[in-house]
Amino acid sequence: MTALCPEQSFGHLVRDVASLWHDIIDRRLEPMGLSAARWRPLLVLYRADESLTQAMLAGALGIEAPSLVRLLDRLSRDGWIERRHCPQDRRAYHVVLTSKAAAACADIENVLAETRHQILGVLKKPEVQACVDALERVRLQALQLRYDGDPPPDSPLSVMLRKPRR
């Protein structure tokens, strides 16, 4: 069998590392009763500088609204979130973290930081920066190809959510 060239290995490695990273985080958060389906929306709400509507949350998570509604039903039932009517639009709801969820999100951020530190600890800081720079260029190229040369700008929400809450 012929070995893959670096270009062929690139996508496989990116996907494999992302999958392994995700699995490690899921395993570490499982004792809190949190799967990726549960901790990701909580963290999005925690990192947001403003309250989010269900539609905004669905967009930030990249899932369809009906899937989100079922997830929010379970999160609400288990005491992680509350839905509140949006004053500007009576048909819309803001999704708000409970105090239980806010406390858990601080723990989630710690798990993410520790996992990131352990995984990236095999690299020197300049190597990490070089990887980030390369992946950003690849991401931009993929966006240009996906959107026929005119990718949409990142929404302020997506930019905000890529940064851990301080």
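Going by the structure shown, is Ala55 in a helix (DSSP H, G or I) and open to solvent by 20 Å² or more (accessible area, probe 1.4 Å)?
On the way: in a helix (DSSP H, G or I): yes; open to solvent by 20 Å² or more (accessible area, probe 1.4 Å): yes.
Yes, satisfied.
Assuming Ile24 fulfils every condition listed in (1) open to solvent by less than 60 Å² (accessible area, probe 1.4 Å); (2) part of a helix (DSSP H, G or I); (3) within 22 Å of Glu64 (Cβ to Cβ); (4) not acidic (Asp, Glu) apart from one, which condition is it?
Of (1) open to solvent by less than 60 Å² (accessible area, probe 1.4 Å); (2) part of a helix (DSSP H, G or I); (3) within 22 Å of Glu64 (Cβ to Cβ); (4) not acidic (Asp, Glu), only one is false for Ile24: (3).
Can you confirm whether segment 120-130 contains a residue that is surrounded by 13 or more Cβ atoms within 10 Å (Cβ to Cβ) and at pLDDT 90 or above?
Initially, segment 120-130 is screened for residues surrounded by 13 or more Cβ atoms within 10 Å (Cβ to Cβ), giving 120, 128.
Next, only the ones that are at pLDDT 90 or above stay: 120, 128.
Looking for residues that are surrounded by 13 or more Cβ atoms within 10 Å (Cβ to Cβ) and at pLDDT 90 or above, one finds at least one in segment 120-130, hence yes.
When residues of segment 78-116 are filtered for being under 17 Å from Ala36 (Cα atoms), small (Gly, Ala, Ser) and assigned to a strand (DSSP E or B), how many remain?
Of the residues in segment 78-116, 0 are under 17 Å from Ala36 (Cα atoms), small (Gly, Ala, Ser) and assigned to a strand (DSSP E or B).
For the structure I just gave you, tell me whether Ala106 is over 20 Å from Val17 (Cα atoms) and small (Gly, Ala, Ser). So that I can check it myself, show each step before the final result.
Values: over 20 Å from Val17 (Cα atoms): yes; small (Gly, Ala, Ser): yes.
Here the answer is yes, as Ala106 does meet what is asked.
Check off (1) of a type in the set (D, E, K, R); (2) in contact (Cβ under 8 Å) with a residue 60 or more places away in the chain; (3) exposed (fewer than 11 other Cβ atoms within 10 Å of the Cβ) for Glu7 and give me the number that stays unchecked.
(2)
I want to confirm something. Restricting to segment 62-74 and keeping residues that are of a type in the set (A, V, I, L, M, F, W, C) and open to solvent by 20 Å² or more (accessible area, probe 1.4 Å), which single residue is nearest to the chain's Cα centre (by Cα)? Lay out the reasoning, then the answer.
Filtering segment 62-74 down to residues of a type in the set (A, V, I, L, M, F, W, C) leaves 63, 65, 68-69, 71-72.
Now drop any that are not open to solvent by 20 Å² or more (accessible area, probe 1.4 Å), which leaves 63, 65, 69.
Working: Ile63: 12, Ala65: 17, Val69: 18 Å.
So, considering only residues that are of a type in the set (A, V, I, L, M, F, W, C) and open to solvent by 20 Å² or more (accessible area, probe 1.4 Å), the one nearest to the chain's Cα centre (by Cα) is Ile63.
Would you point out which residue out of Arg77, Arg47, Arg90, Arg83 is among the basic types (Lys, Arg), at pLDDT 95 or above and either within 25 Å of Ala113 (Cα to Cα) or open to solvent by 40 Å² or more (accessible area, probe 1.4 Å) (or both)? Outline the logic, then answer.
Numbers: Arg47 fails: at pLDDT 95 or above; Arg90 fails: at pLDDT 95 or above; Arg83 fails: at pLDDT 95 or above.
Just a single option satisfies the conditions, and that option is Arg77.
Looking at the structure I just gave you, is Ala106 within 25 Å of Asp26 (Cβ to Cβ) and buried (at least 16 other Cβ atoms within 10 Å of the Cβ)? Working first, answer last.
Values: within 25 Å of Asp26 (Cβ to Cβ): yes; buried (at least 16 other Cβ atoms within 10 Å of the Cβ): no.
Against the criterion (within 25 Å of Asp26 (Cβ to Cβ) and buried (at least 16 other Cβ atoms within 10 Å of the Cβ)), Ala106 does not qualify.
The values are calculated or read from the model by the stated rules, or taken from the named source; none is laboratory data. As the structure is a computational prediction, the values presented were derived from the model and not from experiment. Backbone-built Cβ (ideal geometry, glycine too); neighbour counts: all protein chains shown. These area figures cover heavy atoms from the full protein model, side chains too; ligands, DNA and RNA do not enter into them. Shrake-Rupley method; radii C 1.70, N 1.55, O 1.52, S 1.80 Å.
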